[in-house]
Amino acid sequence: MNSLEAIAPGGAFLTDDQVKGLVAQVCPAADYLNKRVLLIVPDGTRTAPVGVMFRALHRQIGDVVKKLDILVALGTHQPLTEAAICERLEISLEDRQSGFSEVGFFNHAWDNPAALKQVGTLTSDEVSELTDGLFAMDVPVEVNRMLYDYDQVMVVGPVFPHEVVGFSGGNKYLFPGVAGPQILNFFHWLGAVVTNPMIIGNKWTPVRKVVDRAGAMVKLDKACFCMVVDSHKRLAGLFAGSPESAWDRASDLSRKVHITYKEKPFKKILSCAPPMYDELWTAGKCMYKLEPVLADGGELIIYAPHLKEVCVTHGSHIEEIGYHCRDYFLKQWEKFKDVPWGVLAHSTHVRGLGTYENGVERCRAQVTLATQIPPEKCRRINLGYLDPARIRKEEFANREEEGILLVPKAGEMLFQLQHPPQWAGGNGR
């Protein structure tokens, strides 16, 4: 694939015709004659005009390829139904049966050993180097084996600030998108140990180094379209190339588009989860993206009246351990080391920073759920509870001078302080 980019001027967005033009330039039809191509796309928890990209690619190479299939980069999320994949691709079931019937739809199966292929091992020495000495252990690197049934793997996905890796996109659609549990659990916990405020919105993190090193072990023809979008799925920029080069350029634009800076922290934040987050496992992003502007002793409310589940896949583990700060686990490591490390990471990311000394946990701020998860379960998992029916969003609006912030669609835009404290990588207290 040729490297190319299209960036809309400030305040404008790319048109569908501009997208088609870029796709035509970087994917000449002649280069795909009788090729087998696998498109790796996000599930429904990411805002992006995936349908625009899918239709442009299908129009450009669909008639000449031997095969053009879809693999949903689930990580450990729930599999999508055929109808849900159609929705992700922005096509109707009727479209599916007519114009796209030859396209195979597949979900990643992270917990099925038969679906995985080990492509290498990150050695203890490599891990020590990549993590600046935080870890030293061998980490097997597994990826969905169906990638090796194709001549080219093409990643199509957005780039946003991300709590585990710094900025999402690029090789992250392979790891954890279509990866096995060992590498997945390892680098999620690595990100949690470094902490969300020190990772999020930074490009060259230890986790990105791990992800890119793992990506280099997938010795296939890999191409990537990285999208930078606003909250309405409009494209501010589109970057094509290798997973590394496309991500590198897209993350620079994401830094400009997706980060909102505030002068002072807020004592109360109403963080409203959109419907695409249908369990706390993903709605936790409403905390991750706002922790940097949450004041010491403040409260962040995840407002999601539609949300009923903590997590279908990992709920039993979360109910067992609850939500706690990083040091709660690190200082009791023998007790918690056998819990999946990705679950531990999620727990600390939702609960935020804190300390654990002499058997006492002190978290920096309060995290409260205003969801359909009942109060007794909230208490059991160490989170606060508010009845969502009693919350009026308008009562939180236009009160920033009072230290109260309303975020109507939380989870993707990152909020940071202009002068961050030390715990967020700044020079302040």
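Return yes when GLU376 is under 17 Å from LYS308 (Cα atoms) and either open to solvent by 70 Å² or more (accessible area, probe 1.4 Å) or among the small types (Gly, Ala, Ser) (or both) and no when it is not. Considered against the rule, which asks whether it is under 17 Å from LYS308 (Cα atoms) and either open to solvent by 70 Å² or more (accessible area, probe 1.4 Å) or among the small types (Gly, Ala, Ser) (or both), GLU376 comes out as yes. Of all residues in region 343-363, those satisfying the criterion of being under 24 Å from the mean Cα position of the chain (by Cα) and assigned to a loop (DSSP other than H, G, I, E, B) are GLY352, LEU353. The condition of being in a loop (DSSP other than H, G, I, E, B) and buried (at least 20 other Cβ atoms within 10 Å of the Cβ) holds for only one of GLY237, GLY191, GLY215, GLY177, that being GLY177. With respect to the conditions (1) under 19 Å from GLY284 (Cα atoms); (2) in contact with a Pro (Cβ under 6 Å, 6 or more places away or on another chain); (3) not β-branched (Val, Ile, Thr), MET198 lacks only one, and its number is (2).
For region 355-373, filtered to residues that are more than 15 Å from TYR303 (Cβ to Cβ) and in contact with an Asp or Glu (Cβ under 6 Å, 6 or more places away or on another chain), the residue that is surrounded by the fewest Cβ atoms within 10 Å (Cβ to Cβ) is THR355. Only one of the numbered conditions (1) basic (Lys, Arg); (2) touching a helix residue (DSSP H, G or I) at 6+ places or on another chain (Cβ under 9 Å); (3) at pLDDT 95 or above is not met by LYS233, and that is (3). Checked against the criterion of being more than 20 Å from TYR150 (Cβ to Cβ) and aromatic (Phe, Trp, Tyr), the candidates PHE105, PHE54, PHE13, PHE100 yield just one match: PHE13.
For region 328-350, a residue qualifies if it is open to solvent by 20 Å² or more (accessible area, probe 1.4 Å) and either closer than 11 Å to ALA192 by Cα or in contact with a Phe, Trp or Tyr (Cβ under 8 Å, 6 or more places away or on another chain) (or both), and the qualifying residues are TYR328, LEU330, LYS331, GLN332, TRP341. Listed here are the strands (runs of 3 or more DSSP E) enclosed by region 258-342 that have at least 2 residues being of a type outside the set (A, V, I, L, M, F, W, C) and over 30 Å from ALA48 (Cβ atoms): 266-272, 294-303.
Restricting attention to region 312-327, the residues that are touching a Ser or Thr at 6+ places or on another chain (Cβ under 8 Å) and either open to solvent by 20 Å² or more (accessible area, probe 1.4 Å) or under 25 Å from TRP423 (Cβ atoms) (or both) add up to 9. Does GLN18 satisfy the criteria of being farther than 29 Å from GLU279 by Cα and open to solvent by 50 Å² or more (accessible area, probe 1.4 Å)? Yes. Considering only region 224-234, state which residues are assigned to a strand (DSSP E or B) and either of a type outside the set (A, V, I, L, M) or surrounded by fewer than 22 Cβ atoms within 10 Å (Cβ to Cβ) (or both). Of everything in region 224-234, those that are assigned to a strand (DSSP E or B) and either of a type outside the set (A, V, I, L, M) or surrounded by fewer than 22 Cβ atoms within 10 Å (Cβ to Cβ) (or both) turn out to be CYS224, PHE225, CYS226. Scanning region 201-211 turns up at least one residue that is in contact (Cβ under 8 Å) with a residue 40 or more places away in the chain, in contact with a Lys or Arg (Cβ under 7 Å, 6 or more places away or on another chain), open to solvent by less than 20 Å² (accessible area, probe 1.4 Å) and assigned to a helix (DSSP H, G or I). The set of residues in region 261-294 that are closer than 17 Å to GLY201 by Cβ and among the β-branched types (Val, Ile, Thr) contains only VAL293. Only residues that are under 21 Å from PRO181 (Cβ atoms), surrounded by fewer than 24 Cβ atoms within 10 Å (Cβ to Cβ) and not charged (D, E, K, R) were counted across region 142-169, and they come to 3. Taking the numbered list (1) at pLDDT 95 or above; (2) open to solvent by 10 Å² or more (accessible area, probe 1.4 Å) in turn, LEU300 passes all entries but (2).
Give GLY215, GLY298, GLY284 a once-over and let me know the one that is more than 30 Å from GLY10 (Cβ to Cβ) and free of Cβ contacts under 8 Å to residues at least 60 places away in the same chain. Please lay out each step first, then the result.
Numbers: GLY298 fails: free of Cβ contacts under 8 Å to residues at least 60 places away in the same chain; GLY284 fails: free of Cβ contacts under 8 Å to residues at least 60 places away in the same chain.
The unique qualifying residue is GLY215.
Does any residue of region 151-165 turn out to be charged (D, E, K, R), within 16 Å of the chain's Cα centre (by Cα), closer than 24 Å to CYS226 by Cβ and not in a strand (DSSP E or B)?
The initial filter retains those residues of region 151-165 that are charged (D, E, K, R), namely 151, 163.
Pick out the ones that are also within 16 Å of the chain's Cα centre (by Cα) and you get 163.
Imposing the further condition that a residue be closer than 24 Å to CYS226 by Cβ reduces the set to 163.
Subsequent filtering for residues that are not in a strand (DSSP E or B) retains 163.
For region 151-165, residues charged (D, E, K, R), within 16 Å of the chain's Cα centre (by Cα), closer than 24 Å to CYS226 by Cβ and not in a strand (DSSP E or B): present.
Going by the conditions given, is GLU394 over 22 Å from the mean Cα position of the chain (by Cα) and among the charged types (D, E, K, R)? Judged against the criteria, GLU394 is a match. Is it fair to say LYS308 is among the basic types (Lys, Arg), in contact with a Ser or Thr (Cβ under 8 Å, 6 or more places away or on another chain) and farther than 30 Å from GLN25 by Cα? So LYS308 passes the test. Of the residues making up region 381-429, those that are on the phi > 0 side of the Ramachandran plot and at pLDDT below 95 number 1.
The values are calculated or read from the model by the stated rules, or taken from the named source; none is laboratory data. As the structure is a computational prediction, the values presented were derived from the model and not from experiment. With ideal geometry, Cβ positions are generated from the backbone for all residues, glycine too; neighbour counts draw on all protein chains shown. Side chains are part of the model used for accessible areas, which takes the heavy atoms of the whole protein and leaves out ligands, DNA and RNA. Shrake-Rupley method; radii C 1.70, N 1.55, O 1.52, S 1.80 Å.
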